Amino acid sequence: SQELEQSPQSLIVQEGKNLTINCTSSKTLYGLYWYKQKYGEGLIFLMMLQKGGEEKSHEKITAKLDEKKQQSSLHITASQPSHAGIYLCGADEGGSEKLVFGKGTKLTVNP
Amino acid sequence: GAVVSQHPSRVICKSGTSVKIECRSLDFQATTMFWYRQFPKQSLMLMATSNEGSKATYEQGVEKDKFLINHASLTLSTLTVTSAHPEDSSFYICSAQTAGLLGEKLFFGSGTQLSVL
């Protein structure tokens, strides 16, 4: 089955700094989903990437999928305390409805 | 966007009792729902796929007699943790499948924190 490795596991940044979270797959990604979660709460959908080389942005968050469709990055520009949380990448298992998730990256933004 | 309601958000129960968690799609019909489990600092682990009108499909290692899933209507799936034990304490979260405007195809409930004493 597909495995997703996220790095780093945790990240502490000062407010205003940029940061990047990576998600690497052992197999070709058919669909890559980024979610944000505060532990003990539900998941907030951020973005979905499907095509190699695709890049999407929403407010200060940009997600990219590499050409080989095995790695994705999530970049936050000028981070704010409101960006704090756990970021999870999820991937289609061969185009099925199931999503496999990475272990998450815990982001702390210090004011 | 589509809304998925999960209830209760938190439950504390005694060992040996059963607990039912509900997952409802509020403004759409969901033929397929998924149940996940999450331990602290761990990722979401898929437990089972719930299909309306048919038996759930359980992932390897998940006891179907322990975690009973019922998907009797297009808007409701329930997960019952039977004879709960402390090791069942965890965060359970459901998701419902539907097409979203931004390409998302899963919408998540807000989760249920189960604590078994």
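The values are calculated or read from the model by the stated rules, or taken from the named source; none is laboratory data. Computed from a predicted structure; not experimentally measured. Here the Cβ positions follow ideal geometry from the backbone for every residue, glycine too, while neighbour counts run over all protein chains shown. To get the accessible areas, we keep the full protein, side chains included, count just its heavy atoms, and leave off ligands, DNA and RNA. Shrake-Rupley method; radii C 1.70, N 1.55, O 1.52, S 1.80 Å.
Observations
- If you go through segment B:76-117 and pick out every residue that is surrounded by fewer than 16 Cβ atoms within 10 Å (Cβ to Cβ) and within 14 Å of another protein chain (Cβ to nearest Cβ), you end up with 7.
- Every pair of residues 6+ apart whose Cβ atoms lie under 9 Å, when the first sits in segment B:1-23 and is within 12 Å of chain A (Cβ to nearest Cβ) and open to solvent by less than 50 Å² (accessible area, probe 1.4 Å) while the second is assigned to a loop (DSSP other than H, G, I, E, B) and hydroxyl-bearing (S, T, Y): B:A2/B:T98; B:V4/B:S110; B:S5/B:S110; B:Q6/B:S110
- Given (1) more than 15 Å from the chain's Cα centre (by Cα); (2) touching a residue at least 24 places away in the same chain (Cβ under 8 Å), number of the condition B:C94 does not satisfy: (1)
- Selected residue (criterion: farthest from the chain's Cα centre (by Cα)) from residues of segment B:55-91 that are of a type in the set (D, E) and within 17 Å of B:L114 (Cα to Cα): B:E87
- Condition met for A:G40 (crowded, with 17+ Cβ neighbours inside 10 Å and within 14 Å of another protein chain (Cβ to nearest Cβ)): no
Here is a yes/no grid of residues against (1) modelled with pLDDT of 95 or more; (2) open to solvent by 30 Å² or more (accessible area, probe 1.4 Å); (3) away from every other protein chain (no Cβ under 14 Å):
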| site | (1), (2), (3) |
| --- | --- |
| A:Q2 | no, no, no |
| A:E5 | no, yes, no |
| A:T28 | no, yes, yes |
| A:F45 | no, yes, no |
| A:E59 | no, yes, no |
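- Within segment A:61-72, being surrounded by fewer than 18 Cβ atoms within 10 Å (Cβ to Cβ) and farther than 16 Å from A:K17 by Cβ holds for A:D66, A:E67, A:K68, A:Q70, A:Q71.
- For segment B:24-40, residues that are loosely packed, with under 13 Cβ neighbours inside 10 Å and of a type in the set (F, W, Y) total 1.
- Output for segment A:78-95, where each listed residue is modelled with pLDDT of 95 or more and out of contact with any strand residue (DSSP E or B) (no Cβ under 7 Å at 6 or more places or on another chain): A:A78
- Segment B:41-75, subset part of a loop (DSSP other than H, G, I, E, B) and within 10 Å of another protein chain (Cβ to nearest Cβ), residue least open to solvent (accessible area, probe 1.4 Å): B:S43
- Condition met for A:L88 (within 12 Å of chain B (Cβ to nearest Cβ) and open to solvent by less than 60 Å² (accessible area, probe 1.4 Å)): yes
- For segment B:1-40, the tally of residues that are in a loop (DSSP other than H, G, I, E, B) and either within 10 Å of the chain's Cα centre (by Cα) or closer than 21 Å to A:I86 by Cβ (or both) stands at 4.
- The set of residues in segment A:25-51 that are part of a loop (DSSP other than H, G, I, E, B) and over 17 Å from A:L4 (Cβ atoms) comprises A:K38, A:Y39, A:G40, A:E41, A:G42, A:K51.
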